[in-house]
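Beneath this line is the structure, given in structure tokens, with notes to follow.
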Amino acid sequence: VQLQASGGGLVQAGGSLRLSCAASGRTFSSSDISWFRQAPGKEREFVAVIIKSGGSTFYADSVKGRFTISRDNAKNTVYLQMNSLKPEDTAVYYCATDLTYGSARSKPINWRSWGQGTQVTVSS
């Protein structure tokens, strides 16, 4: 599967962005899909995940209540709606799929397929 992340940009604090992650080569509906982010000099960190079965969602505490992950199976695309953005949200955002069975969803090493990343910059 190939993933293509898009939608990043420069936004002022308090603003919103919607990231998209489009898949090709396989349908998304049968896969967990996650978003991670990596700021300069920091490790890649978990942001959100949407589960294939039932569409349950889970978020990092730092984004809970501000970010929403969703999927459009007809378009084979997963979205990350980001509201009330803060300067500390500045990072390259990556989508990922192909979770190693039974492993922790919050660990980047457990996801085998990654998109190329999209830059989000929040100015104060």
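At a Förster distance of 30 Å, what's the computed FRET efficiency of Ala39 paired with Val1, Cβ-Cβ distance as r, to 0.05?
On the way: r = 26 Å, r/R0 = 0.88.
The computed FRET efficiency comes out at 0.70.
Rounded, prolate or oblate: which one fits region 36-115, using the alpha carbon gyration tensor with axes a ≥ b ≥ c (rounded when a/c is under 1.5, else prolate when a/b beats b/c, else oblate)?
On the way: a/c = 1.69, a/b = 1.19, b/c = 1.42.
Oblate, since a/c reaches 1.5 and b/c is not below a/b.
Quick one: net charge around Leu3, please, counting Lys, Arg +1 and Asp, Glu -1 for every other residue with C-beta under 14 Å from its C-beta. List each step's numbers first, then the result.
Working: positive: Arg26, Arg71, Lys75, Arg112; negative: Asp32, Asp98.
In short, +2.
For region 1-96, which GluC sites (Glu not before Pro) are both in a DSSP coil and crowded by at most 12 other Cβ atoms within 10 Å? Don't skip to the answer; put the middle values down first.
Details: sites: Glu43, Glu45, Glu88; in loops: Glu43.
Here the GluC sites (Glu not before Pro) that fit, given the DSSP loop and packing criteria, are Glu43.
Give me the net charge for the shell around Thr97: Cβ to Cβ below 13 angstrom, other residues only, Lys and Arg +1, Asp and Glu -1. Present the calculation step by step, with values, prior to reporting the outcome.
Details: positive: Arg26, Lys52, Arg71, Arg105, Arg112; negative: Asp32, Asp98.
Result for the local shell: +3.
What's the carbon and sulfur percent of region 5-115's accessible surface, probe 1.4 angstrom, rounded to a whole number? It would help to have the intermediate numbers written out before the result.
Numbers: 2720 of 5570 Å².
Answer for region 5-115 is 49 percent, counting heavy atoms of protein chains only.
Using Cα positions and a limit of under 24 Å, work out the lysines in reach of Lys86, with same-chain residues fewer than 8 apart set aside.
Cα-Cα hits under 24 Å: Lys42, Lys64, Lys107.
Under a 1.4 Å probe, what is the accessible area of region 1-80 per residue, stated in Å²? Intermediate results must be reported in sequence, preceding the final value.
Working: 4090 Å² over 80 residues.
Ligands and nucleic acids excluded, the figure is 51 Å² per residue.
The values are calculated or read from the model by the stated rules, or taken from the named source; none is laboratory data. Just so we're clear, the structure is a prediction, and the values are computed from it rather than from any experiment. All Cβ positions, glycine included, derive from the backbone under ideal geometry; neighbour counts span all protein chains shown. Note: areas computed on protein heavy atoms with side chains; ligands, DNA, RNA excluded. Shrake-Rupley method; radii C 1.70, N 1.55, O 1.52, S 1.80 Å.
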